[in-house]
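Every read-out reported here was derived from the displayed coordinates using simple, explicitly stated rules and does not represent laboratory data. Fair warning: this is a prediction, and the values are worked out from it, not measured in the lab. Glycine also receives a Cβ, built like all others from the backbone with ideal geometry; neighbour counts cover every protein chain displayed.
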Amino acid sequence: MSVKKVYPNAEAALDGLLHDGMMIMSGGFGISGIPDALIDAIHAAGTRNLTVVSNNAGIDGVGLGKLIDSKQIKKMISSYVGENKEFMRQYLAKELQIEFNPQGTLAERIRAGGAGIPAFFTATGYGTIIAEGKETREIDGRGYVLERALFADLAIVHAWKADTEGNLVFRKTARNFNAPMATAAKTTVVQVEHLVQPGEIDPDHIHTPGIFVDRIVKLAVVNKPIEQRTVRKRVAA
Amino acid sequence: MPWTRDEMAARAARELRDGMYVNLGIGIPTLVANHIPPGMTIQLHSENGMMGVGPFPYEGEEDPDLINAGKQTVTELPTTSYFDSAQSFAMVRGGHIALSILGALQVAENGDLANWNVPGKMIKGMGGAMDLVAGVPRVVVVMEHCEKSGLPKIVSDCSLPLTGTRVVSLIITDLGVFEVTKDGLVLVDVAPGVTMDELRDKTEPPFRVHQDLKLAA
């Protein structure tokens, strides 16, 4: 039985992994599929001077917003941060650094990091300020920018289901950055809504193989807020 | 009379072709989904990891795990697929998405696009816009013809930070439609009652008029 990957709670799952100044990848898009319990545990641990790789920066008081409120984050590597007022305040006051990456470049830097590719050329951002200070090259008549891979000390990930071996299944658009981030850190810790025994997930249906997962914690409470609730009216039959 | 936002979206929908995979940006481009001609099959891509985006859910059926790139709750269709962010942008960067319709702050006559950052204002980030314009073969901009201050948004050179260079194929505004060609802008459509004088006045670079375009006297 490979139960050694399973931890009783988020605090235990992060025990011994946190240190000031580390780089953490945090999955999710907006606040969908964010590893909220693991973020809460980092908040409680008080780890500081963090560099956090995340597509967004949470919203005020939710997700990474908590680590921004507590000033535990020194630098964000993100593609879009428009939804967090305290983030804006700290950024304008120069208390927080931000490195903007085009979203696809960010995703590929992470994918490359997990796949052992140190850098890659992309047309994204060629001729823009994103290319400033970076090597560029013309290949077959088109301009490309050299982008470096990202590899973190720790990745924190939210999945819908895992078995005790760490094989993961994500749900709908909550997969987003969680899947590539799970591959791109020295240690990957996953919070899951459902934990099952090996054999209970069809091997053909696994999105992320357990080799990428070091520690698993089953959520005691699943709390998934919605950032923009948009609905349509039912038309009477 | 200038086109409304909805009329601009309807004009943009004329760029759709049956079977296309399309990415729609936030704002007026999102409205293009309401104008897909009956009988035409279009798969809408959402860069957070979904192909085949359905309409907003009925009240009470919202799913926090099912959102579009604007973080709005959406629904899935029988054709829907989900994937991670890296694969989503492999579709974009790899040229597999046929058409990107997005908003703009400025477009230059050579197709340069600025749509993410106004110096002096808070920078929120470019999201997926730089990847889309670099990777998608046909980029259509839908925007107001002028800024609120009255300054032209179709310019000789973009003064704002660029999203991409020479990437825009077609510009749709509330006043008219311009093709971006290697020989400069060509006016191909004009809103009802808009005069050539008004268009020349509100468009910084010179443009030619397409031979098939009939103008109001």
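A few notes on this one:
- Beta bridges per DSSP with both ends in chain A, % antiparallel, nearest 5: 30 percent
- Taken residue by residue and averaged, Cβ atoms of other chains lying within 10 Å of the Cβ of B:164-177 number 1.
- Angle between chain A longest axis and helix A:36-45 axis [Cα atoms, degrees, rounded to 10]: 80 degrees
- Neighbour-limited loop hits for GluC sites (Glu not before Pro), the stretch A:153-226 (at most 12 other Cβ within 10 Å; DSSP other than H, G, I, E, B): A:E200
- The stretch B:28-126: trypsin sites (Lys or Arg not before Pro) in DSSP loop, at most 15 other beta carbons within 10 Å: B:K121
- Sequence-distant residues sharing a close amide H with A:T187 (under 5 Å, placed H): A:L154, A:A155
- Per-peptide average of other Cβ atoms within 10 Å, ordering A:105-112, A:130-137 highest first: A:105-112, A:130-137
- Among the trypsin sites (Lys or Arg not before Pro) within the stretch A:1-102, those in coil by DSSP and having at most 11 neighbouring Cβ atoms inside 10 Å are A:K94.
- Applying the Karplus relation 6.51 cos²θ - 1.76 cosθ + 1.60 with θ = phi - 60° to the stretch A:94-100 yields 3J(HN,Hα) values of 6, 8, 9, 9, 9, 10, 7 Hz, where x marks Gly and Pro.
- Look at the alpha carbon pairs under 8 Å that are at least 6 residues apart: their mean separation over the length of the stretch B:82-217 gives a relative contact order of 24 percent.
- Neighbouring partner chain Cβ atoms per residue of A:178-185, average, 10 Å criterion: 2
- B:K182 versus A:D202: modelled label distance in nm, points set 7 Å from Cα along the beta carbon direction: 5.1 nm
- Taking 23 Å as the straight-line reach from the Cα of A:K161, the lysines in range (excluding those fewer than 8 positions away in the same chain) are A:K4, A:K5, A:K172, A:K186, A:K218, A:K224, B:K71.
- Computed from Cα positions, the angle between helix A:103-115 and the longest principal axis of chain A comes to roughly 60 degrees.
- Our helix-only sum for the protein assembly as shown, with -39,500 (n - 2.57) per DSSP H run of n ≥ 4 divided by its residues, gives a mean residue ellipticity at 222 nm of -4500 deg cm²/dmol.
- For B:K182, the lysines whose Cα falls under 25 Å of its own Cα, not counting residues fewer than eight places away in the same chain, are B:K153, B:K202, B:K214.
- Among A:T188, A:T47, A:T128, the largest mean-square fluctuation in a Gaussian network model of chain A, built with springs joining Cα atoms closer than 10 Å, belongs to A:T128.
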